Amino acid sequence: MAMLTGKSILITGGTGSFGHTFVPMTLARYNPSRLLVLSRDEMKQWEMAQLFQHDRRVQFVIGDVRDKDRLHRALHGIEYVVHAAATKIVPTAEYNPFECIKTNVNGAMNLIDACIDQKVQRVVALSTDKASSPANLYGASKLASDKLFVASNAFSGVHGTRFSVVRYGNVMGSRGSVIPFFMSLANSGRLPITDVRMTRFMISLEQAVECVWQAFEDMEGGEIYVKKIPSMTITDIAKAVAPQAEFDIIGIRPGEKLHEQMISSEDSFSTCEYADYYKILPAINAWCDDPKRIKDGRKVPEGFVYTSDANSEWMSIPSLQGWIKQYRERIGKL
């Protein structure tokens, strides 16, 4: 796998959790000629720049995906793009819907147009389980974004910029997620639990980065990649963090799902299964029947769904405790 070796790469929203993992892993694995981090928070950029101040391959630029002109300039000479910028916090999107749409939908359109204009070769956009049968505005806006990136393969012109999507669930230990939240309350002896039946997919940031690498290597354009990952119940996550703690049941928050879903039954008609991932192929333009996109995959049964409660793979409490022990210093920091 040497597709990114010696190439120029841009990541939007690159000072977030994903970017902090993608940048050093990609530098070490592929040695790109240039890795440009675009984001709108100057303080996060300044802090991240200190980590790479002696690496001339890493460059930073202030910019917002809402600003098409800025994207057009930043993408000059760029060959590969990872789109990680998004308004992600569910309550924030619910209470600020116009702002969520401006970033997640309008920003996607701006990036697509700018990438085509600047003749970028391949683009991978990050998605979320919440985009499958969405129950909140964040999920709905990311579903719209996914549709935009998929359909854009039909009008990318003779240069043929390719667009694909990677969809994954709860990132273990990321800033604002449940593991660091439970860790902050562990000494109190009590943890708030929304619903004892709740389940979540579990994926590490390293696995998320590897999904993006795999998409760049495999994509023909329009695919949504869904990695096979384990599930856990919210109570087992709590027990892994604070085994002796008692639970306070507080109820599900507005827009929150009881279980996560990454592939819906409606998607089953165009989904193929592989050894360690699924691929949702575009229903438009008969792309779901394209041998170049299907490759060695096999169609899933009609009505198939990929949800955290009906998963065949589960993470144990000792496994999560081992992961927490290994990565404790960085949990909640990225």
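Observations on the structure shown:
- Leading residue by the ranking (surrounded by the fewest Cβ atoms within 10 Å (Cβ to Cβ)) among those in region 103-139 that are of a type in the set (Val, Ile, Thr) and assigned to a strand (DSSP E or B): THR128
- Residue in region 78-89 that is under 11 Å from CYS115 (Cα atoms) and not in a strand (DSSP E or B) present: yes
- Of the residues in region 180-190, at least one is over 17 Å from the mean Cα position of the chain (by Cα) and part of a loop (DSSP other than H, G, I, E, B).
- Sole exception among (1) assigned to a strand (DSSP E or B); (2) more than 17 Å from GLY322 (Cα to Cα); (3) within 24 Å of the chain's Cα centre (by Cα) for ASP248, by number: (3)
- Residues considered: GLU313, GLU302, GLU329. Of these, the only one that is loosely packed, with under 11 Cβ neighbours inside 10 Å and either touching a Lys or Arg at 6+ places or on another chain (Cβ under 8 Å) or β-branched (Val, Ile, Thr) (or both) is GLU313.
- Pairs meeting the criteria (first residue in region 101-119 and under 15 Å from ALA154 (Cα atoms), second residue of a type in the set (Lys, Arg) and surrounded by fewer than 19 Cβ atoms within 10 Å (Cβ to Cβ), beta carbons under 7 Å, at least 6 apart or on different chains) are ASP113/LYS68.
- Condition check for LEU4: surrounded by 13 or more Cβ atoms within 10 Å (Cβ to Cβ), at negative phi and touching a residue at least 40 places away in the same chain (Cβ under 8 Å): yes
- Residue tally, condition touching a Pro at 6+ places or on another chain (Cβ under 9 Å) and within 13 Å of VAL212 (Cβ to Cβ), over region 1-51: 3
- Residue in region 195-204 that is part of a strand (DSSP E or B), without any contact (Cβ under 8 Å) to a residue 60 or more places away in the chain and over 20 Å from LYS88 (Cα atoms) present: no
- Reported count of residues in region 250-269, each being crowded, with 21+ Cβ neighbours inside 10 Å and either farther than 20 Å from ALA310 by Cα or of a type outside the set (Val, Ile, Thr) (or both), is 5.
- For ILE78, the requirement of being under 23 Å from PRO24 (Cβ atoms) and among the β-branched types (Val, Ile, Thr) is met.
Quick grid of which residues meet (1) among the hydroxyl-bearing types (Ser, Thr, Tyr); (2) under 17 Å from PHE149 (Cβ atoms); (3) surrounded by 15 or more Cβ atoms within 10 Å (Cβ to Cβ):
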{"residue": "LEU10", "(1), (2), (3)": "no, yes, yes"}
{"residue": "THR15", "(1), (2), (3)": "yes, no, yes"}
{"residue": "PHE22", "(1), (2), (3)": "no, no, yes"}
{"residue": "LEU36", "(1), (2), (3)": "no, no, yes"}
{"residue": "PHE52", "(1), (2), (3)": "no, no, yes"}
{"residue": "ASP55", "(1), (2), (3)": "no, no, no"}
{"residue": "ARG70", "(1), (2), (3)": "no, no, yes"}
{"residue": "ALA74", "(1), (2), (3)": "no, no, yes"}
{"residue": "GLY77", "(1), (2), (3)": "no, no, no"}
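- Pairs are defined by a Cβ separation below 7 Å, a sequence spacing of at least 6 or placement on different chains, a first member in region 299-327 that is of a type in the set (Lys, Arg), and a second member that is crowded, with 16+ Cβ neighbours inside 10 Å; the pairs so defined are LYS299/CYS272.
Since every read-out is calculated from the coordinates, none of them should be taken as a lab result. All values reported here derive from a predicted model rather than from experimental measurement. Reconstructed Cβ throughout: ideal geometry from the backbone, glycine too, with neighbour counts over all protein chains shown.
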